[in-house]
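The values are calculated or read from the model by the stated rules, or taken from the named source; none is laboratory data. What you see is a predicted model, and the numbers here were worked out from it, not measured in a lab. Don't worry about glycine lacking a Cβ; one is built from the backbone with ideal geometry, like all the others, and counts go over all protein chains shown. The protein model used for the area step is the full one, side chains on, heavy atoms only, and it has no ligands, DNA or RNA in it. Shrake-Rupley method; radii C 1.70, N 1.55, O 1.52, S 1.80 Å.
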Amino acid sequence: MSDPWGDRRAGDVADRDYLERRAREERARAEQADDMGVAYAHRRLAEAYEQRLAAMKTGLGA
């Protein structure tokens, strides 16, 4: 019987790669921001990406 959802592992790897890349980008934007409020927003976005990645790694992410 074939898997109706396809190869989900390939999708999970792509999702992890995306989340890792986005977290790095947001951290870099936070470091480059001139405004403290903008830097804070970028740090919060990076934290959100990192939390989602951590949830995926522990199997809690859906």
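Restricting attention to the range 34-44, the residues that are over 30 Å from Gly59 (Cβ atoms) and surrounded by 14 or more Cβ atoms within 10 Å (Cβ to Cβ) add up to 1.
Remark: pairs (first residue in the range 11-36, closer than 13 Å to Arg52 by Cβ and of a type in the set (Asp, Glu); second residue open to solvent by 50 Å² or more (accessible area, probe 1.4 Å) and modelled with pLDDT of 95 or more; Cβ separation under 7 Å; 6+ apart in sequence or on different chains) = Glu26/Leu45. Ala39: out of contact with any Asp or Glu (no Cβ under 8 Å at 6 or more places or on another chain) and of a type in the set (A, V, I, L, M), yes or no? No, not satisfied. Among the criteria (1) of a type outside the set (Val, Ile, Thr); (2) open to solvent by less than 50 Å² (accessible area, probe 1.4 Å); (3) modelled with pLDDT of 95 or more, the one Leu19 does not fulfil is (3). Which one of these is in contact with a helix residue (DSSP H, G or I) (Cβ under 9 Å, 6 or more places away or on another chain), assigned to a helix (DSSP H, G or I) and open to solvent by 100 Å² or more (accessible area, probe 1.4 Å): Glu47, Glu31? Result: Glu31 is the single residue among Glu47, Glu31 that is in contact with a helix residue (DSSP H, G or I) (Cβ under 9 Å, 6 or more places away or on another chain), assigned to a helix (DSSP H, G or I) and open to solvent by 100 Å² or more (accessible area, probe 1.4 Å). Taken over the range 25-59, residues that are acidic (Asp, Glu) and within 16 Å of Ala14 (Cα to Cα) amount to 1.
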